[in-house]
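Every read-out reported here was derived from the displayed coordinates using simple, explicitly stated rules and does not represent laboratory data. Since we're looking at a predicted model, the values are computed, not measured. Please note: Cβ atoms are built from the backbone with ideal geometry, for glycine as well, and neighbour counts cover all protein chains shown.
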Amino acid sequence: MTAISPPPLSLYVHMPWCVRKCPYCDFNSHTAGPETQRARYLAALERDLKAEAANPAGRPLISVFIGGGTPSLFTAAEIGRLLDAVSKHFSLADDIEITLEANPGTVECGEPHGYRAAGVNRLSIGAQSFRPDMLAVLGRIHSVEDIHRSVAAAQAAGFDNINIDVMYALPGQSVGQAVEDLECAIELEPTHLSWYQLTLEPNTVFHARPPNGMPDDDACFDIQLAGQELLDQRGFEQYEVSAYARAGRHCRHNVNYWSFGDYLAVGAGAHGKITADGEVRRYAKPANPLAYMEAQESGTATPGLRALGDAERVFEFMLNALRLTNGFDTRLFEERTGLALDTVDEQFAALREKQLIDDVGNGFWRVTGLGKRFLNDVQAEFLP
């Protein structure tokens, strides 16, 4: 066993409310109503941030990601209050990346200029599709025109780092329609695209009542190949299973996840990972917003730290790092898990025999083209 080196540190902040819950969404999100207590929730986040500040051991934050839910339901002033609290309790890298997730139609509520002035320097806009019929099937409440207005407003506000989320393998979707969605997104000149497959996750409406016309595996693969070819032609590098970026515009926060970095967690249902005292520890906050706020107010909130065993560290590392297009090297595995690479010799041998993973030289390992198609099977090889 080798010493576990403390990796780079990020911060995730969860904003749990949406205007309406989408039928495919399995995130910890709740429908916002007249009783949504934003001021109370922000006060709870500030208490949470103060408590979390004991964890970094001097490490600066390299990124902050404000996700949800729909964080853009919070005004620019409220986001500014949140980021002021982050700055108060943590040291920040000079080039820190601060991302805010926003849905078209809600981003205007706080005005992009206000978010930019508050310190947000990366915006992630959840378009999902550029076809009105597909937006309706997905339960989205915005229009195609809302997407264009939101991106234009963000660019006018000075955002030069914008991600657009687009889904594929939608009910009844053809290869041509999926590629057309991508074309529409690219025309808006984002620096990053998250292009990901619709999956029917447990505990969602779609899982309980699957929509008609879901593409089969072969159709999904045809869409994937066509989309990847287009993105490559248009200058977007694929650096992860569903992430494509212009040069130098990889999402630093997500790369830290996929590299088995550390991330602090504040907010209802937020999950964190921290390396300390030679251990990798996980924790989570109460998922229900009311329970979360009450725990913070009463001073009874505890992180519930749980140390990961050797097999768990291996699995979690592989679950993330195998998603990276360029793979990972031996040094990263050993520094982040505290284990020698020969710990996984048996699994690597089995995967190499099936041509699902390859040694590409200089201690680097990555999933093959075939392995990418069956990534779940590759990751499952490392289950404890």
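Could you list, in sequence order, the residues of segment 150-178 that are closer than 30 Å to Pro210 by Cβ and surrounded by fewer than 16 Cβ atoms within 10 Å (Cβ to Cβ)?
Scanning segment 150-178 gives Gly172, Ser174, Gly176.
I'd like to know if segment 2-10 contains one or more residues that are of a type in the set (Val, Ile, Thr) and farther than 30 Å from Met167 by Cβ.
yes
Please list, ordered by first then second residue, the pairs with beta carbon atoms under 7 Å, 6 or more apart or interchain, first in segment 360-384 and in contact (Cβ under 8 Å) with a residue 24 or more places away in the chain, second among the basic types (Lys, Arg).
What qualifies is Val360/Arg366; Gly363/Arg331.
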